[in-house]
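The values are calculated or read from the model by the stated rules, or taken from the named source; none is laboratory data. Here the structure is a predicted model, which means the values were calculated and not measured. When we count neighbours, we look across all protein chains shown, and the Cβ atoms used for this are built from the backbone with ideal geometry, even at glycine.
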Amino acid sequence: MADAAKPKKKGGILGVFKDIVYGMSSHEMTRHAVRTRASMEHLFILITMGDLLGVPILPPYYSLRLLPYVTPQIAGWKRRMLRERDVTDVLG
Amino acid sequence: MSLRHVFESQPDRRYVMFGGKGGLGKTTLSATSAFWLARQGKRVLLFSVDPQASLSDIFQRDIFGKGPVPIMENLWAQEVDADRRIKDYQEEIRKKILDMYGFEKVPEEIDNYIAAASAEPAMEESAIFDAVVDIIVQGDYDYYIYDLVPLGHALYYLSMAKVYDEWINKITKLRADMGQYDQVAATMRREETVQEDAILSELIYIKERINASSRILTDKARTAFFFVVVPEEMIILDTKKAAELFAKFDVPLSGYIVNRVLPPDLGAGTIPPYLRNRIAMQKKYLDEIKGTFGHEVLAYVPEMERDVTGLGMIERLARRLFEEGS
């Protein structure tokens, strides 16, 4: 009986251990990956929807095809592209 | 080598185009070739994307924006209405946004962007070539004869297609990289794998469309591109220049057709000096054409005594061009 409970407990400890290791190492990497991904998203919208800022890059006929997918991001993206850099950039 | 010989010896070349400056007789030669091929039992679609298309004029009936219209047995003609196509396309995008997000109306900023996009000059060229891809991928005909817009537009589009293609490659790569970051973040958080990226699929679709449209102009196995030239100095110079540019973009040139050749018996007897000068001048330029394009000239098409409009005149010209030799 005690033998059966043992591995379970071990797994629990292992799980906690995994979470701690994740928190110490991977969490920062994940955050970095997510942030890089977000920057790339902005770059992507700039390239495809640059016309909205007056920067024509992708031919409009084709950028229109992509427009529906990025519609929700457009407002936030324009704000980000046009704003001055400030302290929140450091914190963000 | 004659035009007939090109069609008979290269049956795979099913995308036929006549290029040249405006007003040299591209539409006449397109219609005449289409007529002859249809008479040979081939199913032929003759189409134009030029907003000032002349197919309606040559067949003497209004076919603008009406899809493929039957002209005679085996021959259909189509004039694409590019403006309407752009409007329909914009409407399609608006509808997609409404459907995707359940909006009552398209947000103003987005709607302005859609409206403004149609004013871009590249919009029309893209829409035109996209329409051509649509027509050709359907594959219902043996021959597609493309009454080409003037040379400048075709060159502009080809150069644009090259730039677009490189751009799309870059954007597609960026999008694929973004997918990898998604994947990394998901794996680290021990989440399920991320959904397939709809944008990446769209990009791949766009890339294929752009490639398909430039391939139609440059496919060595299936495209036959003919230059129409007339015996006049400026036209000869322009054609030489255009031929070099087209060669740069790998457009397979199949030969030259010399149009508007004055009948030789015109010079017989006493004729006014004006006409004599014109004949002498034309002879000089015909010699120049022979010297420059030599054996690549497939036909010398005589100046007819009246406009080539209506099937009767087209048939007469087809007989001259394909049956009697030239």
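Assorted remarks:
- Search result, residues across the stretch B:242-261 that are more than 16 Å from residue B:222 (Cβ to Cβ) and of a type in the set (Val, Ile, Thr): B:257, B:258, B:261
- Residue match in the stretch A:65-83 (condition: of a type in the set (Ser, Thr, Tyr), modelled with pLDDT of 70 or more and touching a Phe, Trp or Tyr at 6+ places or on another chain (Cβ under 9 Å)): yes
- Of all residues in the stretch B:52-77, those satisfying the criterion of being closer than 17 Å to residue B:314 by Cα and not aliphatic (A, V, I, L, M) are B:54, B:56, B:57, B:59, B:60, B:61, B:70, B:73, B:74, B:76.
- All positions within the stretch B:207-248 that are within 16 Å of residue B:14 (Cα to Cα) and of a type outside the set (Lys, Arg): B:212, B:213, B:214, B:216, B:217, B:218, B:219, B:221, B:223, B:224, B:225, B:226
- Within the stretch B:173-204, the set of residues being of a type in the set (S, T, N, Q) and outside any loop (DSSP other than H, G, I, E, B) comprises B:180, B:183, B:187, B:201.
- With respect to the stated conditions, residue B:24 is surrounded by 17 or more Cβ atoms within 10 Å (Cβ to Cβ) and more than 15 Å from residue B:146 (Cβ to Cβ).
- Odd one out for residue A:53 among (1) within 27 Å of residue B:89 (Cβ to Cβ); (2) more than 9 Å from every other protein chain (Cβ to nearest Cβ); (3) at pLDDT 75 or above: (3)
- Screening the stretch B:114-172 for residues that are under 14 Å from residue B:50 (Cβ atoms) and not in a helix (DSSP H, G or I) and picking the one that is nearest to the other protein chains (Cβ to nearest Cβ) gives B:149.
- Number of positions in the stretch B:245-267 that are outside any loop (DSSP other than H, G, I, E, B) and at pLDDT below 90: 9
- Once the stretch B:69-99 is narrowed to residues that are modelled with pLDDT of 95 or more and part of a loop (DSSP other than H, G, I, E, B), the residue that is farthest from residue B:117 (Cα to Cα) is B:73.
- Take the conditions (1) within 11 Å of another protein chain (Cβ to nearest Cβ); (2) at pLDDT 85 or above; (3) out of contact with any Phe, Trp or Tyr (no Cβ under 9 Å at 6 or more places or on another chain); residue B:183 misses just one of them, which is (2).
- Cβ pairs under 9 Å, 6+ apart, first in the stretch B:198-225 and more than 14 Å from chain A (Cβ to nearest Cβ), second part of a strand (DSSP E or B) and polar (S, T, N, Q): B:215/B:223; B:216/B:223; B:217/B:223; B:223/B:254; B:224/B:254; B:225/B:254
- Criterion (under 22 Å from the mean Cα position of the chain (by Cα), of a type in the set (S, T, N, Q) and either surrounded by fewer than 20 Cβ atoms within 10 Å (Cβ to Cβ) or at pLDDT 95 or above (or both)) met by exactly one of B:292, B:218, B:270: B:218
- The set of residues in the stretch B:233-258 being within 23 Å of residue B:303 (Cβ to Cβ) and touching a residue at least 12 places away in the same chain (Cβ under 8 Å) consists of B:233, B:235, B:236, B:238, B:239, B:240, B:242, B:255, B:256, B:257, B:258.
- Residue within the stretch B:176-185 that is exposed (fewer than 15 other Cβ atoms within 10 Å of the Cβ), free of Cβ contacts under 8 Å to residues at least 40 places away in the same chain and of a type in the set (Val, Ile, Thr) present: no
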